[in-house]
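Some notes on the structure that comes next.
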Amino acid sequence: MQCSMKLLKDIDYTYNTKIYKNTKECFICTWSLHSHKMGILAILALPLLLVGISGIIYIYQSVRWLLSKSAVQNKVVVITDATSGLGKECSRVFHTGGARLVLCGRTWEKLEALYDALISVADPSMTYTPKLILLDISDINCIQDVAKEILNCYGCVDILINNASMKVKGAVQSISLELDKKIMDANYFGPITLTKAILPNMISRRTGQIVLVNSIQGKIGIPFRAAYAASKHAAVGFFDCLRAEMEEFDISVSTVNPTFICSYHRQPATGNWEASIWKFFFRKMAYGVHPVEVAEEVFCTVSSKKQEVLMANPIPRAAVYIRTFFPELFFAIVASGIREKLKTEEEN
């Protein structure tokens, strides 16, 4: 009897062991198969995710562009320095969007060339013929009369784009006071004088938008550009105050601040001093943005009525915040860069 019970126990143990082994092997196989399927799904999910994100971005940009186009259609848009690289691109996008353009420039020949370029590529049934106005924004004395001429074109101004700008580079002691004043006239007094001349028309109609194309140097000062940075800082201060004052009249004020605007993307000049922290901190300042990018951003800013746009790569964007929250670090980096640059020039 005992032998029989022992035999039954051995058989039962052997049977259970085989079931456990078979179950374990089955579980391992199932898990392996599941893991394999999950791996395949993960591989397939990544490109699908990228395609999905790209599609969402494309749809968002398309909707944003359509909304921007509807926001400027039939609107009277004034663009200063329309014959510059950015001015031409702004003229193109607003003209295509169906705006009634008033293009301002310093030379009549360049304005006519821009006029011919615009009407040659646009559908005349969908666009308006641009108006041309001679304007040197740095000539403060003539701006009041030109403003009247601008208003006479259509009787009003819906959107004023202050695009004109003048640049200078050099050490503070090498820039004359006369040149400092000229820079301030072009970058500060010119835009605010024209804005003040147009503003009563907008206030009386309780509608309008003013866009200032400024610079990241209105936020931070870069060595050897003191006059330029000072004029841009002044412009930011004025239009920040204007934005608050115009809110009760439903007039929007926007500033677009790119690093700097170039006609093509280029690498900064090489030099031994670029191997320092200065290179890491400020190198991408020299890359700039293409006029097409800025013009499209200005176009979309008009629609969204953003108060401020900063067009910059991560490094210069971070520099703005470091200047605000860690000024000692910012000034130390700037000073280090100047010392190394001067040392390199002496060695050469």
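The values are calculated or read from the model by the stated rules, or taken from the named source; none is laboratory data. Keep in mind the model is a prediction, meaning the values are calculated, not measured. Glycine also receives a Cβ, built like all others from the backbone with ideal geometry; neighbour counts cover every protein chain displayed. Heads up: the accessible areas ignore ligands, DNA and RNA and are worked out on the full protein's heavy atoms, side chains in. Shrake-Rupley method; radii C 1.70, N 1.55, O 1.52, S 1.80 Å.
The figure for ARG317 is an accessible area of roughly 90 square angstrom, using a 1.4 Å probe on the protein chains alone. Given a 1.4 Å probe and the protein chains as shown, PHE94 ends up with an accessible area of around 0 Å². Length gained on full extension, ASP123 to LYS167, computed as 0.36 nm times the residue gap minus the Cα-Cα distance: 12.2 nm. Of TYR228, TYR321, TYR115, TYR128, the order by accessible heavy-atom surface (1.4 Å probe, DNA, RNA and ligands excluded), from most exposed downward, is TYR321, TYR128, TYR115, TYR228.
When the accessible area of region 120-274 is split by element with a 1.4 Å probe, what percent falls to carbon and sulfur?
Values: 3940 of 7340 Å².
Of the solvent-accessible surface of region 120-274, carbon and sulfur hold 54 percent.
Net charge within 12 Å of ILE143 by Cβ-Cβ distance, Lys/Arg positive one each and Asp/Glu negative one each, not counting ILE143 itself?
Numbers: positive: LYS148, LYS196; negative: ASP136, ASP139, ASP145, GLU149, ASP185.
After counting each charged neighbour, the total is -3.
At a probe radius of 1.4 angstrom, the accessible area of region 129-182 per residue rounds to 55 square angstrom.
Report, in listed order, any pair from LYS110/LYS167; LYS232/LYS306; LYS110/LYS196; LYS181/LYS305 with a Cα-Cα distance greater than 30 Å. Checking Cα-Cα distances, LYS181/LYS305 exceed 30 Å.
Taking θ as phi - 60° and the Karplus parameters 6.51, -1.76 and 1.60, the scalar couplings of region 223-235 work out to x, 6, 9, 4, 5, 5, 4, 4, 5, 6, 4, 4, 5 Hz in sequence order, x denoting glycine and proline. Placing pseudo-labels 7 Å out from each Cα toward the beta carbon at LEU177 and PHE249 gives an inter-label distance of 3.5 nm. Annotation: HIS290 carries an accessible surface of approximately 50 Å², with a 1.4 Å probe and no ligand, DNA or RNA atoms counted.
Can you work out the FRET efficiency for the pair GLU328 and ASN152, with r the C-beta to C-beta distance and R0 = 45 Å, to the nearest 0.05? Each step should come with its number before you reach the end.
Numbers: r = 54 Å, r/R0 = 1.19.
It comes out at approximately 0.25.
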